[in-house]
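The structure under discussion appears below in the form of structure tokens.
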Amino acid sequence: MHIRVINPNTTHAMTAAIGEAARRIAAPGTRITASQPDSGPVSIESHFDEAISAVGVVDEVLQGERDGVDAYVIACFGDPGLLAARELTRAPVIGIAEAAFHMAALISTRFSVVTTLGRTGIIAEHLLEQYGFAHHCRRVRAAEIPVLDLEENGAVALGRIIDECRRARDEDGVGAIVLGCGGMAKLTEEIGDAVGLPVVEGVTAGVKLAEALAGLGLGTSKHGDLAFPRPKAFTGRFERYTNLTASC
Ligand code: 5HY
């Protein structure tokens with residue numbers, strides 16, 4: 001099967017690292033391709049960044065449909081554009097936050113999230129409520145590092161993430177830690193070794209869930225709200241979306 005891992009930000013180094021993390025755990029026979037939008041924020045650290053990046057996610061899924069992709073993973077912890085993307089395909093579309101929450105809830109009764117900047121914590125909190133995992137999550141913590149420090153200041157970023165994960169281990173009464181950024185995918189093993197708790201990371205969780213859904217012959221339902229969008233005119237810079245149909 002062919003899984004397209006979409007990095008919604010436009011930092012090539014992060015896209016490459018995300019793709020590599022996905023390939024390391026993909027099953028034999030699973031082809032991983034990683035992509036990012038042609039335009040958009042170099043990192044996603046706010047509601048505004050999320051909103052802009054969602055258009056890029058939609059474009060990447062439309063391209064994936066032309067490429068014959070079998071499943072998609074949206075590799076940003078805000079799951080930007082997830083439901084819009086699901087409307088555009090019969091393939092499974094999995095957000096890394098949703099994937100990580102599901103996996104963490106299967107191995108622990110309580111988990112904490114460690115993300116990058118504190119200001120994006122509310123996004124994770126909203127998703128916990130939306131997906132029904134709020135009662136599983138003790139706390140959404142932040143290492144207080146800009147997302148791109150994961151690429152540009154890796155040693156310092158790793159140290160801060162490990163410190164915050166250790167605080168979660170010692171203070172939150174949790175059985176697992178969820179890493180709250182797609183850019184942390186390459187650090188999962190190091191963090192797990194340093195913290196001594198199971199560490200759940202969304203890119204790899206998303207890939208395995210996509211493989212599971214494909215194995216069950218399950219894809220995005222086209223009955224109800226995730227049916228293909230009603231064809232209509234779009235104007236201006238979005239004219240390319242006019243009359244999107246089931247073949248989109
Ligand atoms: C992510 N931002 O996974 C999020 C992390 C965050 O560019 N990739 C980003 O803090 O929401």
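For S112, the criteria (1) away from the ligand (no atom under 16 Å from the Cβ); (2) more than 23 Å from L216 (Cα to Cα); (3) among the polar types (S, T, N, Q) hold in every case but one, which is (1). Would you call E201 among the acidic types (D, E), under 17 Å from the mean Cα position of the chain (by Cα) and at pLDDT 95 or above? So E201 fits the description; yes. The condition of being among the β-branched types (V, I, T), outside the structural domain of N9 (by TED's automatic domain parsing), within 17 Å of K208 (Cβ to Cβ) and surrounded by fewer than 22 Cβ atoms within 10 Å (Cβ to Cβ) holds for only one of I122, I107, that being I107. Quick check on the range 6-25. Is at least one of its residues within 14 Å of the ligand (Cβ to nearest atom) and touching a Phe, Trp or Tyr at 6+ places or on another chain (Cβ under 8 Å)? Checking the range 6-25: at least one residue is within 14 Å of the ligand (Cβ to nearest atom) and touching a Phe, Trp or Tyr at 6+ places or on another chain (Cβ under 8 Å).
Checking each residue in the range 45-63 for being open to solvent by less than 20 Å² (accessible area, probe 1.4 Å) and within 18 Å of H12 (Cβ to Cβ) picks out S53, G56, V57.
Filtered by the rule that a residue be closer than 26 Å to P146 by Cβ and either at pLDDT below 95 or not in a loop (DSSP other than H, G, I, E, B) (or both), the range 59-84 gives D59, E60, V73, I74, L82.
Given the conditions (1) within 30 Å of P231 (Cα to Cα); (2) open to solvent by less than 30 Å² (accessible area, probe 1.4 Å), report the number of the one that T115 does not fulfil. Going through (1) within 30 Å of P231 (Cα to Cα); (2) open to solvent by less than 30 Å² (accessible area, probe 1.4 Å) one by one, T115 breaks only (1). Residue pairs whose Cβ atoms lie under 7 Å apart, sitting 6 or more positions apart in sequence or on different chains, and linking a residue in the range 175-187 that is under 16 Å from I18 (Cα atoms) and near the ligand (Cβ under 8 Å from one of its atoms) to a partner that is among the aromatic types (F, W, Y) and not in a helix (DSSP H, G or I), are G180/F77; C181/F77; G182/F77.
The values are calculated or read from the model by the stated rules, or taken from the named source; none is laboratory data. Predicted model, so just to flag it, every value in this text is computed and none were measured. Cβ atoms come from the backbone with ideal geometry, glycine included; neighbour counts cover every protein chain shown. Ligands, DNA and RNA are excluded from the accessible area calculation, which covers all protein heavy atoms including side chains. Shrake-Rupley method; radii C 1.70, N 1.55, O 1.52, S 1.80 Å.
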